[in-house]
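Beneath this line is the structure, given in structure tokens, with notes to follow.
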Amino acid sequence: MAKKRRRKSTRGETLSCNVIISSIRSRVSLSMRGANEADPEVDSHCGLELHGTMSTPIRDVREVKFNLWVDANYRIGPNRPAYVGYITQIRPEVAVIASCRPADFEYVWSLALSGHLTHAYMSFTKPHYSSASVLYMSFSSELEE
């Protein structure tokens, strides 16, 4: 009698972890757009780099680095399920990138600069070839349960 094959689930496995933020680096870059044109404009980009330690390791790695930046033209992409960030590498540290709407970024920026940004939480798909989609991400002054 033939053995029945189990179908591979189309729903991906979701993992989550808490992060304790240990250091914060902020940056603002300014440049000229159309410097030789009649109406040049100042172009600015703001970003935060957050380093921390995850409560649950991903492939034995606990160190994480978040790169957040403001995107005035923030839009949801065509990929489904939709995600808020992306894990781009696992080793030597987990690297997470994400863009934010200006109002959201200003709030995270103010938490960081006031010294109240101490915790993060993220939920993400199971890493495949050292990358994964971040489905949920939060930053706060307290541990999220």
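Computed quantities for the displayed model
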| read-out | value |
| --- | --- |
| Qualifying positions in segment 121-145 - among the small types (G, A, S) and touching a Cys at 6+ places or on another chain (Cβ under 9 Å) | S123 |
| M54 surrounded by 16 or more Cβ atoms within 10 Å (Cβ to Cβ), in contact with a Ser or Thr (Cβ under 9 Å, 6 or more places away or on another chain) and among the aliphatic types (A, V, I, L, M) | no |
| Conditions (1) surrounded by 14 or more Cβ atoms within 10 Å (Cβ to Cβ); (2) modelled with pLDDT of 90 or more; number of the one not met by C46 | (2) |
| Failed condition for V84, given (1) surrounded by 13 or more Cβ atoms within 10 Å (Cβ to Cβ); (2) over 17 Å from the mean Cα position of the chain (by Cα) | (2) |
| Residue ID - surrounded by the most Cβ atoms within 10 Å (Cβ to Cβ), chosen from residues in segment 98-118 that are touching a residue at least 24 places away in the same chain (Cβ under 8 Å) and assigned to a loop (DSSP other than H, G, I, E, B) | L117 |
| Top-ranked residue in segment 1-43 [being modelled with pLDDT under 85 and under 30 Å from F124 (Cα atoms); ranked as surrounded by the most Cβ atoms within 10 Å (Cβ to Cβ)] | G12 |
| Hits in segment 57-70 (condition: surrounded by 15 or more Cβ atoms within 10 Å (Cβ to Cβ) and touching a residue at least 24 places away in the same chain (Cβ under 8 Å)) | I58, E63, V64, K65, F66, N67, L68, W69, V70 |
| Single residue of segment 120-145 satisfying the filter (farther than 19 Å from V61 by Cβ and not hydroxyl-bearing (S, T, Y)) that is surrounded by the most Cβ atoms within 10 Å (Cβ to Cβ) | F139 |
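The values are calculated or read from the model by the stated rules, or taken from the named source; none is laboratory data. Quick caveat, the model's predicted, so the values are computed rather than measured. Cβ: placed from backbone, ideal geometry, glycine included. Neighbour counts: every protein chain shown.
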